[in-house]
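Asks: Supplied in structure tokens, the structure appears directly below.
The values are calculated or read from the model by the stated rules, or taken from the named source; none is laboratory data. Owing to the predicted nature of the structure, the values given are computational and were not obtained by experimental measurement. Glycine gets a Cβ as well: all are built from the backbone with ideal geometry, and neighbour counts include every protein chain shown. Each accessible area value is taken on the protein alone, full model and side chains, heavy atoms only, with ligands, DNA and RNA left out. Shrake-Rupley method; radii C 1.70, N 1.55, O 1.52, S 1.80 Å.
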Amino acid sequence: MTDRVYPSAKPAAAAAANPAFPATKAQLYGATRPTYRPQPHHRRRSKRRCCCTFCFWLILTVLVLLLLLGIAGTVFYLLYRPHRPTFTVTSLKLSYLNLTSSSALNSRFDVTVSATNPNKKILFAYDPTSISILSGSVDVGDGTVPAFLHGKKNTTLIRTSIVTTRHPLQSEDASQLKSSMKSKNGLPLKVNLETKVKAKMGNLQTPKVGIRVSCDGIRVTLPSGKKPATASTSNAKCNVDVRFKIWKWTV
């Protein structure tokens with residue numbers, strides 16, 4: 001009887017030991033690729049915490065300062081009851097006002113302004129005060145008043161004479177002024193005062209602040225002879241504006 005020959009199992013084992021060529025991607029990278037594990041970001045978290053802490057303390061500091069300022073302002077108001085000074089144009093006289101053929105202005109004004117301090121515990125110290133008189137937008141006179149101290153519950157009269165000689169005007173300003181001088185209702189005038197003032201309360205005093213006073217509603221007829229013309233000031237109203245300078249800007 002003939003013996004049957006069976007194939008040996010060694011070739012299969014050899015095939016398993018030597019994989020097919022070329023190798024697949026799974027065979028190249030699958031077994032050797034390390035597992036991805038995200039690293040914790042401790043530095044970013046610490047930076048965020050520092051930023052949040054800084055913002056918190058900054059906002060808290062600002063709020064505390066505002067609260068303290070509010071308390072101080074309330075105490076100051078209750079102790080001193082501060083009020084703004086008031087101003088009134090009590091008298092204005094025009095001696096002459098004319099324009100030459102070359103549009104040069106000559107004028108003379110005598111002005112009296114009444115300043116009232118209504119405060120019982122506060123006095124005001126004024127720097128030299130500049131006074132300007134305008135008709136419409138045309139400047140017809142400028143002067144200066146010396147510095148003075150405004151006492152408590154006191155009314156002070158500010159008197160000055162403003163003389164202008166051969167002041168050149170632009171052609172548009174000269175035409176506007178000539179038209180106003182012909183008005184039957186009289187020449188409209190406006191008086192402006194501008195200075196700096198500080199308040200004093202015993203040994204305490206505030207920094208100087210700018211103050212501007214605008215008095216409108218004044219009318220005067222041109223004098224016909226040597227006698228000065230008296231302006232009508234019954235309808236005059238004066239507005240007081242406090243001006244604060246912050247760096248280059250004036251508020």
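Asks: Does region 129-174 hold any residues that are among the small types (Gly, Ala, Ser), farther than 30 Å from Lys200 by Cα and not in a loop (DSSP other than H, G, I, E, B), and which are they?
Replies: Hits for region 129-174 are Ser135, Gly141, Ser171, Ala174.
Asks: Let me ask something else about it. Looking at (1) at pLDDT 95 or above; (2) in a loop (DSSP other than H, G, I, E, B), which is the only condition Lys227 fails?
Replies: With (1) at pLDDT 95 or above; (2) in a loop (DSSP other than H, G, I, E, B) applied to Lys227, the lone miss is (1).
Asks: For the list (1) more than 25 Å from the chain's Cα centre (by Cα); (2) of a type outside the set (Ser, Thr, Tyr); (3) exposed (fewer than 15 other Cβ atoms within 10 Å of the Cβ), I need the number of the one condition that Asn239 fails.
Replies: (1)
Asks: Related question: Select, from Val209, Val213, the only residue that is assigned by the TED database to the domain that holds Leu94 and crowded, with 16+ Cβ neighbours inside 10 Å.
Replies: From the options Val209, Val213, the qualifying one is Val213.
Asks: Also, quick follow-up: From the list Arg219, Arg159, which one is in contact with a Pro (Cβ under 6 Å, 6 or more places away or on another chain), of a type outside the set (Ser, Thr, Tyr) and within 16 Å of Leu94 (Cα to Cα)?
Replies: Values: Arg159 fails: in contact with a Pro (Cβ under 6 Å, 6 or more places away or on another chain).
Selected residue: Arg219, the only one of Arg219, Arg159 that is in contact with a Pro (Cβ under 6 Å, 6 or more places away or on another chain), of a type outside the set (Ser, Thr, Tyr) and within 16 Å of Leu94 (Cα to Cα).
Asks: Where residues in region 83-106 are under 36 Å from the mean Cα position of the chain (by Cα) and open to solvent by less than 50 Å² (accessible area, probe 1.4 Å), which of them is farthest from Val240 (Cα to Cα)? Before you say what the answer is, go through the steps one by one.
Replies: Just the residues of region 83-106 that are under 36 Å from the mean Cα position of the chain (by Cα), to begin with: 83-92, 105.
Pick out the ones that are also open to solvent by less than 50 Å² (accessible area, probe 1.4 Å) and you get 85, 87, 89, 91-92, 105.
Working: Pro85: 8, Phe87: 8, Val89: 13, Ser91: 19, Leu92: 19, Leu105: 29 Å.
Selected residue: Leu105.
Asks: Can I ask one more? Which condition number does Trp57 fail, the rest of (1) open to solvent by less than 90 Å² (accessible area, probe 1.4 Å); (2) over 30 Å from Leu123 (Cα atoms); (3) modelled with pLDDT of 80 or more being met?
Replies: (1)
Asks: Please state which one of Lys153, Lys121 is touching a residue at least 12 places away in the same chain (Cβ under 8 Å) and at positive phi.
Replies: Residue meeting the stated conditions: Lys153.
Asks: Here's something else I'd like to know. I'm told Ser137 meets every condition in (1) surrounded by fewer than 18 Cβ atoms within 10 Å (Cβ to Cβ); (2) touching a strand residue (DSSP E or B) at 6+ places or on another chain (Cβ under 8 Å) except one. Can you identify the failing condition by its number?
Replies: Against the list (1) surrounded by fewer than 18 Cβ atoms within 10 Å (Cβ to Cβ); (2) touching a strand residue (DSSP E or B) at 6+ places or on another chain (Cβ under 8 Å), Ser137 comes up short only on (2).
Asks: Go through the residues of region 161-180 one by one and say whether even a single one is at positive phi and open to solvent by less than 60 Å² (accessible area, probe 1.4 Å).
Replies: No, because not a single residue in region 161-180 is at positive phi and open to solvent by less than 60 Å² (accessible area, probe 1.4 Å).
Asks: Can you confirm whether region 242-251 contains a residue that is open to solvent by less than 30 Å² (accessible area, probe 1.4 Å) and either at pLDDT 90 or above or not in a helix (DSSP H, G or I) (or both)? Spell out the reasoning first.
Replies: In the first step, residues of region 242-251 are kept if they are open to solvent by less than 30 Å² (accessible area, probe 1.4 Å); the result is none.
No; the residues of region 242-251 include none that is open to solvent by less than 30 Å² (accessible area, probe 1.4 Å) and either at pLDDT 90 or above or not in a helix (DSSP H, G or I) (or both).
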